[in-house]
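Enquirer: So that we are looking at the same thing, I have put the structure below in structure tokens.
All of the numbers you see were taken from the coordinates with simple rules; none came from a lab. Small disclaimer: the values here were computed from a predicted structure and weren't measured. Here Cβ is always computed from backbone atoms with ideal geometry, including for glycine, and neighbour counts include all displayed protein chains.
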Amino acid sequence: MFDNLAVDYRRVASKNRGLFKRTLLTLTNYGFLAIIVYRFGRFANRASIPVVSHLLKALYLISKTMIEVLFGISIDVNSTIGPGFYIGHFGCIVIHGDLGKGCSVGQGVTIGSKGAGKSDGWPSIGDNVYIGAGAKVIGRVRVGNNVVIGANAVVIHDVADNMLAVGVPAQSRSKASSEGGVNPWDGPPAERLRHRVEA
């Protein structure tokens, strides 16, 4: 829990200078608070001492409900999310799937299973994937590493590594790389999303 959370913190804090400002802005960041609660929930679910386990789970459920109501961010505790996860904005974010390291999501993103009784599983998303505002990744799909999913795209089919997925339903339009991501967690803060288009 703490190792992943430390990487999450570095990712959020990388854009801020000065210890006081960095700490204050990080601890008031909606996305980071939601990530803390998610990581705590994973920790609570693994606790094996009966009384302690029940207390931790109760605290997690209260915290999760507060995050959902106040910030509009819901991260299912059964999701597996790698280190360096970044939520850029407030609200309407639902995550139930497996995400690799260094992933970023914008506001209004949904990652989860199909509804209306048609669920066939949830998404598996690789490393260094950027998911733009309003995008949806639905069902048992695999999204490769270093993928950029454009704003409002609806991903219902697999996406190969190093691709840009756009449209409804999403199609791979060009080669792209989200390595470094928005607000990178492993490199200088000045780096931003880089696209490499191959002819």
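Enquirer: Students often get this wrong, so check it: of LYS64/LYS114; LYS57/LYS136; LYS64/LYS136; LYS64/LYS101, which have C-alpha atoms separated by over 25 Å?
Expert: Beyond 25 Å: LYS57/LYS136.
Enquirer: Continuing with this model, one more query. Out of SER119, ASN29, HIS157, whose Cα points farthest toward the positive end of the dipole of the chain (charges: +1 Lys, Arg; -1 Asp, Glu; placed on Cβ)?
Expert: Highest projection toward the positive end goes to ASN29.
Enquirer: Continuing with this model, one more query. Any idea what the dipole of the chain comes to, in debye rounded to 20, about its Cα centre with Lys/Arg Cβ at +1 and Asp/Glu Cβ at -1?
Expert: 300
Enquirer: By per-residue mean of other Cβ atoms within 10 Å, what is the highest-first order of 51-64, 139-152?
Expert: The densest-packed peptide leads the list: 139-152, 51-64.
Enquirer: Taking every DSSP beta bridge that has both residues in the stretch 2-175, what percent is antiparallel when rounded to the nearest 5?
Expert: Rounded to the nearest five, the antiparallel share is 15 percent.
Enquirer: Ordered by residue, what ³J(HN,Hα) values in Hz, to whole numbers, does the stretch 66-81 give under the Karplus form 6.51 cos²θ - 1.76 cosθ + 1.60, where θ = phi - 60° and Gly and Pro are x?
Expert: My calculation for the stretch 66-81 gives 5, 4, 5, 6, 7, 10, x, 10, 10, 10, 5, 5, 7, 5, 10, 10 Hz in order.
Enquirer: Per residue, what volume in Å³ does the convex hull of the Cα atoms of the stretch 1-58 enclose?
Expert: 84
Enquirer: Report the dimensions of the chain along its three principal axes from the alpha-carbon atoms, largest first, rounded to Å.
Expert: Here the Cα extents, ordered largest to smallest, are 59, 49, 27 Å.
Enquirer: If Lys and Arg each add +1 and Asp and Glu each add -1, what is the summed charge of the other residues whose beta carbon sits under 14 Å from the beta carbon of VAL77?
Expert: +2
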